[in-house]
Amino acid sequence: MVFENRSLLLGLLVMLALPLAVTVLAFMTLANTDPADIVAGTPLVQTPTVTAVPATPTSPIDPNVVYADGLAAYEAGDFAAAEAAFREAVALVPDAADLHNSLGLVLSQQERLEEAVGAFETAVSLNPTFAEAHYNLAVTQQKRGNLAATETAFQAALAADPSLALAHHGLGNLYQLQGRLEEAIAAYEQAISHDPQLLEAYTSLGTALGNAGRLEEAVGVLETAVSQQPDYLPALYDLGLIYDHLGETAVARETFSQIITLAPGSDWAAQAQAQLDGSH
């Protein structure tokens with residue numbers, strides 16, 4: 001029995017946020033800014049689809065119906081109801097790895113991280129090639145501060161699916177957090193090669209290159225991101241920082257002004273204004 005849940009398979013993408021000193025160039029760290037506001041999170045993507053699973057002969061309850069109720073509750077933000085539904089579905093089909101993955105996601109949303117880890121571990125024990133569950137386990141372990149387990153889980157995700165760009169990106173974030181810049185750069189490059197539209201990977205790569213002193217390369221990477229999405233604020237902001245560090249003050253000021261025009265009143269605009277005010 002297989003449950004397909006495209007909305008929840010990678011539900012922890014939004015949790016990929018690095019400490020502030022890593023999200024922007026280390027020589028230009030910002031003050032009084034939540035890291036989650038600096039790194040653009042990746043939202044849940046794709047619409048949920050559920051593969052038909054027949055009710056078990058011993059139960060008149062269709063697990064698909066229970067699971068669909070859980071999905072609806074999850075997407076409505078009613079995590080308690082979603083948890084109850086997913087637990088009922090797990091009881092009906094205990095060997096369905098997707099269900100344990102979904103349960104882990106809803107537990108993580110409630111900050112019950114140890115329980116979430118247990119659910120993800122069950123998912124990967126039932127299906128060792130379930131790359132998304134390994135990935136979600138890695139993100140949850142990182143949130144718990146267990147970096148060794150984080151690296152192991154990211155590597156397991158990539159062993160299951162070497163093309164999972166988000167796992168390469170997550171591994172790069174971990175390496176950058178640990179100061180392993182060359183490994184981080186290589187991981188980000190892998191992420192981009194597998195998903196050239198993953199803009200967060202360009203920003204992360206630009207940051208790593210900047211921290212490694214490879215500023216001209218960083219500019220090229222960030223400009224590529226902006227060429228794909230001209231209003232992508234994380235890349236614009238880091239470009240402004242690098243231009244300023246390179247002594248290209250006029251270009252830096254123009255870039256920060258562009259952010260203010262694109263997103264007036266936002267945290268990004270406030271930080272850009274602070275850079276403009278500080279450059280007098």
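The values are calculated or read from the model by the stated rules, or taken from the named source; none is laboratory data. Keep in mind it's a predicted model, so treat the numbers as computed, not measured. Every residue, glycine as well, gets a Cβ built from its backbone with ideal geometry; the counts of neighbours run over all protein chains shown.
Is it the case, given these coordinates, that Leu171 is touching an Asp or Glu at 6+ places or on another chain (Cβ under 6 Å), of a type outside the set (Phe, Trp, Tyr) and crowded, with 22+ Cβ neighbours inside 10 Å? Working first, answer last.
Details: touching an Asp or Glu at 6+ places or on another chain (Cβ under 6 Å): no; of a type outside the set (Phe, Trp, Tyr): yes; crowded, with 22+ Cβ neighbours inside 10 Å: yes.
No, not satisfied.
From the residues in segment 181-227 that are more than 19 Å from the chain's Cα centre (by Cα), farther than 21 Å from Ser257 by Cβ and of a type in the set (S, T, N, Q), which one is surrounded by the most Cβ atoms within 10 Å (Cβ to Cβ)?
Looking at residues that are more than 19 Å from the chain's Cα centre (by Cα), farther than 21 Å from Ser257 by Cβ and of a type in the set (S, T, N, Q), I get Asn211.
Any residue that is in contact with a Phe, Trp or Tyr (Cβ under 8 Å, 6 or more places away or on another chain), in contact (Cβ under 8 Å) with a residue 12 or more places away in the chain and of a type in the set (Ser, Thr, Tyr) - is there at least one of those in segment 219-227? Spell out the reasoning first.
Of segment 219-227, the ones in contact with a Phe, Trp or Tyr (Cβ under 8 Å, 6 or more places away or on another chain) are 219, 221-222, 224-226.
Now restrict to residues that are in contact (Cβ under 8 Å) with a residue 12 or more places away in the chain: 219, 221-222, 224-226.
If we keep only those that are of a type in the set (Ser, Thr, Tyr) as well, we get 224.
Yes, segment 219-227 contains a residue that is in contact with a Phe, Trp or Tyr (Cβ under 8 Å, 6 or more places away or on another chain), in contact (Cβ under 8 Å) with a residue 12 or more places away in the chain and of a type in the set (Ser, Thr, Tyr).
Kindly list, by first and then second residue, each pair from a residue in segment 161-189 that is among the acidic types (Asp, Glu) to a residue that is assigned to a helix (DSSP H, G or I), limited to pairs with Cβ atoms under 7 Å and residues at least 6 apart or on different chains.
Asp161/Ala131; Glu183/Tyr175; Glu189/Leu205
Quick test for you: out of Ala84, Ala119, pick the one residue that is touching a Leu at 6+ places or on another chain (Cβ under 7 Å) and modelled with pLDDT of 95 or more.
On the way: Ala84 fails: touching a Leu at 6+ places or on another chain (Cβ under 7 Å).
The unique qualifying residue is Ala119.
Every residue in segment 244-260 that is assigned to a helix (DSSP H, G or I) and either over 27 Å from the mean Cα position of the chain (by Cα) or touching a residue at least 40 places away in the same chain (Cβ under 8 Å) (or both), please. I'd like the intermediate steps shown before the answer.
As a first pass, look at segment 244-260 and keep what is assigned to a helix (DSSP H, G or I): 244-245, 249-260.
Those that are assigned to a helix (DSSP H, G or I) and either over 27 Å from the mean Cα position of the chain (by Cα) or touching a residue at least 40 places away in the same chain (Cβ under 8 Å) (or both): Asp244, His245, Thr249, Ala250, Val251, Ala252, Arg253, Glu254, Ser257.
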